[in-house]
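Colleague: A single structure is presented below for examination.
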Amino acid sequence: AVSKFHPLPAISKAAFRLPILLGLENGIVPTKLEISYTAPIIDAYLAESQPVINSIKPLHGSSSGNEWIQIHGVGFINRKKLTCVFGDLESEDTIFISSSEIVCKTPKHLPGSVSFGVNNGVSSPENATLNWKFTFVPDALFLSITPTQGTLSGGTLVTIVGLFPSSPFVKSPHSFVCRFGRSGFVEATVFNLNQVSCITPRSDSPKSVEISLSFDGGNNFRSSNIWYSYQNEIEILKLTPNYGYKSMAGTSVFIHGRNFWNSTDLKCTFGSTSVPAMFLSPKIVSCKSPLYNSTRTAESLAVSVSYYGDDYVRSWKDFHYFDLPQIESIEPVLGFSIVVMGRGFHNTLQIKCKLGQALVQARVIN
């Protein structure tokens with residue numbers, strides 16, 4: 001069944017009732033229900049009066065305009081001529097919400113404070129009552145972001161450098177909000193008027209998104225024309241070699257995995273110690289192990305890849321520190337297969353014997 005409503009007829013009554021009918025396959029059936037219509041009535045005095053403004057949010061905006069502000073008060077009238085007045089300029093657009101709330105889009109204006117008011121359309125804009133102040137601030141200038149990319153899981157600390165509105169026009173540091181693309185909203189941390197930072201939100205797929213910044217708690221955003229790239233999560237598959245000797249620093253370690261990307265800030269992290277890394281391909285990164293310290297270093301450390309200091313990959317493999325092996329004897333001295341006796345041998349697939357300049361695979365017996 002489908003309910004059938006009558007359109008509002010053009011009558012002069014302030015209120016009236018109409019029956020609700022159901023349209024069925026076999027015809028129209030009455031429901032014994034009614035719908036009440038109430039025609040809007042505008043008091044004659046109110047129709048010729050100007051509204052009273054109680055609050056404006058925010059009280060500042062970009063000099064380039066095109067930002068929405070919210071006005072609460074009493075006596076707003078839903079008319080085509082309803083408009084906000086900024087000094088000698090009218091709003092780009094005005095939307096009536098209720099008799100106590102409207103929203104207006106700011107016009108372009110030189111930086112500075114102007115008188116502000118709302119005109120119900122009963123007089124020309126220059127005759128409107130302008131008893132509030134609205135401040136146009138210079139446009140924000142975005143210079144750079146660091147880093148420019150991170151993983152899908154988010155959590156990367158991004159620093160935005162530029163020239164931002166001065167503190168008198170911003171209520172609190174909580175007024176700053178970062179937006180990644182169209183849906184990733186996070187609160188920003190303000191260091192000064194030239195630097196803010198925010199933690200990247202999660203992303204559902206690899207993509208590049210524009211970073212925008214709000215100075216009014218998320219009501220309006222300024223486009224930066226600077227893009228941030230979300231990358232696939234990095235996976236570490238193996239380390240070659242996966243061990244080094246305690247008395248020897250700088251073992252060259254090749255980290256094999258997937259989805260590595262090139263960055264000047266690429267680092268390998270052994271436990272809590274980070275060392276520079278070299279990008280070789282999306283599947284291989286190389287770095288040198290740090291020196292073993294018996295008072296601070298465990299014999300086995302988790303190795304991960306780090307971008308920009310704090311953005312650690314969620315995948316890791318163990319790297320082991322061993323004592324240097326000691327050779328005590330070789331049996332037999334002549335032959336195709338020899339047995340090396342000693343101590344400190346460890347059973348790894350990467351252990352080899354060096355005969356002159358030749359390396360041959362070895363097998364640990366014990």
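Colleague: Looking at region 87-126, which of the residues that are among the aliphatic types (A, V, I, L, M) and part of a strand (DSSP E or B) is nearest to His60 (Cα to Cα)?
Modeller: So the residue we want is Val114.
Colleague: Also, I was wondering about something else. Please go through region 211-240 and pick out each residue that is surrounded by fewer than 18 Cβ atoms within 10 Å (Cβ to Cβ) and part of a loop (DSSP other than H, G, I, E, B).
Modeller: Correct list: Gly217, Gly218, Asn219, Asn232, Glu233.
Colleague: Filter region 354-366 for residues that are out of contact with any Cys (no Cβ under 7 Å at 6 or more places or on another chain) and among the aliphatic types (A, V, I, L, M); which is least open to solvent (accessible area, probe 1.4 Å)?
Modeller: Once the filter is applied, the top-ranked residue is Val364.
Colleague: Another question, if that's okay. Evaluate the following for Ser197: is it part of a strand (DSSP E or B), open to solvent by 70 Å² or more (accessible area, probe 1.4 Å) and hydroxyl-bearing (Ser, Thr, Tyr)?
Modeller: No.
Colleague: Another question, then. For region 251-353, list the strands (runs of 3 or more DSSP E) that sit wholly inside it and hold at least 3 residues that are open to solvent by less than 70 Å² (accessible area, probe 1.4 Å) and at pLDDT 80 or above; which are they?
Modeller: Once the strands (runs of 3 or more DSSP E) in region 251-353 are filtered for at least 3 residues that are open to solvent by less than 70 Å² (accessible area, probe 1.4 Å) and at pLDDT 80 or above, what remains is 252-258, 266-270, 273-281, 284-288, 300-307, 317-322, 339-343.
Colleague: Please work out which residue is nearest to Leu152 (Cα to Cα), limiting yourself to region 180-192 and to residues that are in a loop (DSSP other than H, G, I, E, B) and open to solvent by 70 Å² or more (accessible area, probe 1.4 Å).
Modeller: The qualifying residue nearest to Leu152 (Cα to Cα) is Ser183.
Colleague: Now, a different point. From Val158, Val137, Val103, Val122, which residue is over 34 Å from the mean Cα position of the chain (by Cα) and not charged (D, E, K, R)?
Modeller: Among Val158, Val137, Val103, Val122, only Val122 is over 34 Å from the mean Cα position of the chain (by Cα) and not charged (D, E, K, R).
The values are calculated or read from the model by the stated rules, or taken from the named source; none is laboratory data. This is a predicted model, so every value here is computed, not measured. Heads up, the Cβs are rebuilt from the backbone with ideal geometry, glycines too, and the neighbour counts pull from every protein chain shown. The accessibility values were calculated without ligands, DNA or RNA, using every heavy atom of the protein model including side chains. Shrake-Rupley method; radii C 1.70, N 1.55, O 1.52, S 1.80 Å.
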